[in-house]
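Written below as structure tokens is the structure these notes are about.
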Amino acid sequence: MSFVRDAPAPFNNPRADVVLRTCDGVDYRVRSSILAEASPVFGDIFDLASEAPSEALSEWPPRKDGIPIVSITETSEVADILLRFCYPVAAPTFTTFSQVQDVLTAVDKYLMEGLIEVVKKHLTDISLDGAHPLRLYATAYAHRFEDVARIAAKETIGKPLQTVYVTELESLSAGAYYWLLEFHKTGKADVIPEVPFLSVDPSRTSARPPPGPHSRTAWISKYASPYPFGLPFADFTLRTCDGIALRVHSDLLRVASPYFRLMLADTSQSIEGIEKDSDGRIIGLVVPEHSNTIATVLQYVYPVERPDSLPDPQTASLLLYAAKKYDVVPALAPLQAMFLAFAAEHSLVIYAIACARYWVHEARHAALASMRMPLDDLCYVDELEAIPASCLYRLTQHRNTLGNMARRMVLSQAQEFLKQLTQPSSQGVCKYYAWVYCMECRADTAVTLCRAGTKSSGLRKWWCDWLRRIAELLREVPSGQTVLDEQAIVCAVKDARDCPICRVDADTELRRYAKELSIKVDAMLVHEMSRITFF
């Protein structure tokens with residue numbers, strides 16, 4: 001460290017017996033006995049430092065004026081506040097919310113149980129610079145403070161939430177974020193939620209692990225053992241986590257998988273789990289997957305029956321993950337198709353699994369599938385605990401963006417019709433529809449070519465009303481299927497029956513046009529989704 005400076009009083013006392021050096025180069029002279037009482041972690045560190053030899057040639061710990069230096073990862077700003085809580089001096093004050101977060105993290109790190117409640121009470125001070133209910137909620141989640149989470153949730157009432165992004169969303173679980181959003185929808189601060197906000201232990205989700213094995217009682221791999229993975233002339237063994245030895249043919253693995261082709265081609269490489277014979281030839285590999293998973297993926301390599309369906313998205317994800325991991329080319333497309341097939345009914349499950357696995361294509365597909373239903377119909381799923389809240393935040397934000405794009409696209413259809421009406425070359429195409437060629441019923445005042453409020457040349461009001469109704473529905477449910485909303489069509493046709501011209505073909509033509517428009521909307525959504533990222 002190029003420049004080191006001493007901390008101000010009371011942490012510059014020459015009678016101190018330990019120096020704490022912060023990551024930004026500030027030396028705090030402290031009494032080890034005081035910190036050891038506050039923190040067993042500091043107590044152990046100081047014991048090690050005191051037991052080290054004090055000769056000049058000793059490399060650890062480094063010394064300053066003959067006393068040991070212990071380096072810590074905290075900044076001087078955090079260290080100063082933390083140490084003042086330990087010393088018999090005036091209590092420190094916080095000016096920013098980030099200070100409270102960092103000090104609380106240090107309190108947890110050094111196991112200072114006596115300071116948890118002291119620092120915790122400062123969390124709920126919304127007047128601190130940078131404080132926000134969502135940041136407070138995420139911090140409560142990180143430290144498992146259910147009482148603070150409830151306070152934070154109540155603070156969100158009456159304030160924007162769904163459109164707010166804070167960096168803490170990257171460490172908050174999507175599951176905890178989901179329950180906060182559900183509470184916020186009630187608009188009532190005095191409502192007691194049925195489910196605790198922090199009902200799931202974050203220790204199993206904080207590192208973004210892929211979803212673990214799920215119950216597969218409805219499905220057992222048909223060829224787990226022995227046939228065709230136990231034939232005596234097989235020359236390679238895959239040993240699975242459940243103790244099954246699958247004997248396979250290395251030539252088939254080479255053809256089907258670039259992963260195995262490279263592994264088997266270079267016998268000098270060192271890969272964890274590889275087994276070699278006395279001649280150094282690779283003859284086996286220990287894999288962390290279950291035999292059911294490996295055997296099913298290998299069914300796409302061998303000339304045997306292959307599964308035509310899977311029982312649940314969790315099983316499908318395990319198989320697709322293994323196929324991708326080992327690059328088993330024949331298995332990739334069919335397993336991906338079976339995995340994505342679950343998106344129709346389990347879109348949020350598929351989306352969460354895809355985000356946890358960092359599967360871009362699958363996440364986009366699931367996101368589109370989720371947009372075929374109202375946002376309020378997306379229910380909580382366990383898989384949300386394996387992804388950060390930022391993934392759920394981006395899903396809702398992109399949904400809003402695409403909904404507005406679909407709305408604008410549909411509303412623009414009226415202007416497209418009017419534009420074509422002014423071009424003689426395209427009039428034959430436009431006038432195919434009753435709402436264009438009819439001159440009897442009332443034209444829409446917003447999109448007419450002539451004087452407003454008259455039965456003039458232009459688009460019929462009943463059709464324009466339908467278009468606006470569909471546009472508003474698309475804002476909430478951005479999907480081509482929304483354009484085919486039966487209630488909207490029925491209402492439009494009912495209005496058209498008042499016209500002797502439109503009533504003849506309104507139902508048939510409107511349904512035909514709705515199908516065409518539905519296809520256009522879906523194509524636009526797919527195109528825009530191809531440019532979106534969720535993680």
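Values computed for the structure shown
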read-out: Residue among R247, R261 that alone is of a type in the set (K, R), touching a Leu at 6+ places or on another chain (Cβ under 9 Å) and in a helix (DSSP H, G or I); value: R261
read-out: Index of the failed condition, R451 passing every other in (1) assigned to a loop (DSSP other than H, G, I, E, B); (2) at pLDDT below 95; (3) surrounded by 21 or more Cβ atoms within 10 Å (Cβ to Cβ); value: (3)
read-out: Residue count for the stretch 349-379, restricted to those that are open to solvent by 10 Å² or more (accessible area, probe 1.4 Å), outside any loop (DSSP other than H, G, I, E, B) and more than 15 Å from Q397 (Cα to Cα); value: 6
read-out: Flag if D308 is over 19 Å from A337 (Cα atoms) and of a type in the set (D, E); value: no
read-out: Matching entry among L83, L136, L128 (being open to solvent by less than 50 Å² (accessible area, probe 1.4 Å), touching a helix residue (DSSP H, G or I) at 6+ places or on another chain (Cβ under 6 Å), within 25 Å of Y28 (Cβ to Cβ) and hydrophobic (A, V, I, L, M, F, W, C)); value: L128
read-out: Among (1) more than 30 Å from Y393 (Cβ to Cβ); (2) at pLDDT 95 or above; (3) more than 31 Å from the chain's Cα centre (by Cα) - the single one R469 does not satisfy; value: (1)
read-out: Selected residue [of a type outside the set (D, E) and open to solvent by 50 Å² or more (accessible area, probe 1.4 Å)] from P311, P307, P258; value: P311
read-out: Residue count, the stretch 96-138 (criterion: assigned to a helix (DSSP H, G or I) and without any contact (Cβ under 8 Å) to a residue 60 or more places away in the chain); value: 25
read-out: Matching residues in the stretch 268-292 - criterion: being farther than 26 Å from L319 by Cα, more than 38 Å from the chain's Cα centre (by Cα) and surrounded by 10 or more Cβ atoms within 10 Å (Cβ to Cβ); value: K276, R281
read-out: Which numbered condition M405 misses (of (1) closer than 30 Å to L181 by Cα; (2) modelled with pLDDT under 95); value: (2)
read-out: Residues satisfying the stated conditions in the stretch 465-515, i.e. assigned to a helix (DSSP H, G or I), open to solvent by less than 60 Å² (accessible area, probe 1.4 Å) and closer than 19 Å to G403 by Cα; value: D465, W466, L467, I470, A471, L474, G480, T482, V483, A488, A514
read-out: Residue within the stretch 172-192 that is acidic (D, E), in a loop (DSSP other than H, G, I, E, B) and at pLDDT below 75 present; value: no
read-out: Residue under evaluation K120, criteria (1) basic (K, R); (2) closer than 25 Å to A152 by Cβ; (3) in contact with a strand residue (DSSP E or B) (Cβ under 6 Å, 6 or more places away or on another chain), criterion not met; value: (3)
read-out: Failed condition for F417, given (1) modelled with pLDDT of 95 or more; (2) in contact with a helix residue (DSSP H, G or I) (Cβ under 8 Å, 6 or more places away or on another chain); (3) closer than 30 Å to S530 by Cα; value: (1)
read-out: Those residues of the stretch 141-198 which are of a type in the set (D, E, K, R) and within 13 Å of A389 (Cα to Cα), in sequence order; value: E168, E170
read-out: Any hit, the stretch 119-140, residues being over 27 Å from R399 (Cβ atoms) and touching a Pro at 6+ places or on another chain (Cβ under 6 Å); value: no
read-out: For F339: the one exception among (1) among the aromatic types (F, W, Y); (2) out of contact with any helix residue (DSSP H, G or I) (no Cβ under 7 Å at 6 or more places or on another chain); (3) more than 30 Å from L198 (Cβ to Cβ); value: (2)
read-out: Lone unmet requirement of (1) at pLDDT 55 or above; (2) open to solvent by 80 Å² or more (accessible area, probe 1.4 Å) for S203; value: (1)
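The values are calculated or read from the model by the stated rules, or taken from the named source; none is laboratory data. The shown structure was predicted, so the numbers you read here are calculated from the model rather than taken from an experiment. A quick note on method: Cβ atoms are made from the backbone with ideal geometry, for glycine too, and the neighbour counts reach across all protein chains shown. Just so you know, the surface numbers come from the protein's heavy atoms only, side chains and all, with ligands and any DNA or RNA stripped out. Shrake-Rupley method; radii C 1.70, N 1.55, O 1.52, S 1.80 Å.
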